[in-house]
Amino acid sequence: MVTQQLIMGIIRFLHDLFTVVWIGGLAFMVLTMFPSVKKVLGKNPQAQSLINAITRRHSIWVYISIAGLFITGLLLGKSSGDYLGFMRFGNFYSNLTAVKHIITFAMVLIALVRSILFRKKDIKRSPGQNKISMLLVIINFFLGLLILLLSSLIASI
């Protein structure tokens, strides 16, 4: 019994760590990095190059976190007696979990689209493309906050 609790504790820790890396990274970018770079460097190619380098580096950790969240999420879901199955609605726990998964899929899709459209280092982006890229990060940040809220509600059940 103690071994099983220890294993579940480690799985929960990893799930929380992956969440912090992904959503915490989005919070850092939206709340600190974007405004600070704009204030210090203004709107110029050097500022955009810095933002691009940071977001490119962070995207590696995001993809690792997405994989980790998928694996740990499956393990955590199976450990709950209220879990009815993937994307199954039927009780409050499963309803919240399904909505959380839908939002997570939207975040993954946004991250992939952003990477495909804006990741190449050697291509100069227009100011409009930079705004779209930044807007996608901001949207994902707010979706991440919604996931944190849903996770808190799920944990309180």
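So here's what we get for this one:
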{"read-out": "Rg over Rh, two decimals, the chain (C-alpha only, Kirkwood Rh)", "value": "1.05"}
{"read-out": "Scattering profile of region 59-136 at q = 0.18 Å⁻¹ [log10 I(q)/I(0), Debye over alpha-carbon scatterers]", "value": "-0.80"}
{"read-out": "In order through region 4-19: 3J(HN,Hα) via Karplus (6.51 cos²θ - 1.76 cosθ + 1.60), integer Hz, x for Gly, Pro", "value": "5, 5, 4, 4, 5, x, 5, 4, 4, 4, 4, 4, 5, 4, 4, 5"}
{"read-out": "About the Cα centre, charge dipole magnitude for the chain (Lys/Arg +1, Asp/Glu -1 at Cβ), debye", "value": "800"}
{"read-out": "Region 1-43: projected area of the alpha-carbon convex hull, averaged over directions, in nm²", "value": "3.2"}
{"read-out": "With Cα atoms, 0 to 90° folded angle of helix 92-118 axis to the chain main axis", "value": "20"}
{"read-out": "Within the accessible area of region 1-76 (1.4 Å probe), percent carbon and sulfur", "value": "74"}
{"read-out": "Counted charge near LEU31, where neighbours are those whose Cβ lies closer than 15 Å (Asp, Glu -1; Lys, Arg +1)", "value": "+2"}
{"read-out": "Calculated over region 43-102: convex hull of Cα atoms, volume per residue (Å³)", "value": "89"}
{"read-out": "Phi to ³J(HN,Hα) by Karplus 6.51 cos²θ - 1.76 cosθ + 1.60 over region 20-32, Hz, x for Gly, Pro", "value": "4, 4, 6, 6, x, x, 5, 4, 4, 5, 6, 8, 10"}
{"read-out": "Span from the region 37-76 Cα centroid across to the region 125-157 one, whole angstrom", "value": "12"}
{"read-out": "Region 54-157, accessible area per residue, ligands and nucleic acids excluded (1.4 Å, Å²)", "value": "62"}
{"read-out": "Estimated dipole of region 106-157 in Debye, rounded to 20 [Cβ of Lys and Arg +1, of Asp and Glu -1, Cα centre]", "value": "360"}
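The values are calculated or read from the model by the stated rules, or taken from the named source; none is laboratory data. Predicted, not measured: the structure shown is a model, and the values here were computed from it. No Cβ is skipped: glycine too gets one built from the backbone with ideal geometry, and neighbour counts run over all protein chains shown. Note: accessible area is taken over every heavy atom of the protein model, side chains too, but ligands, DNA and RNA are not part of it. Shrake-Rupley method; radii C 1.70, N 1.55, O 1.52, S 1.80 Å.
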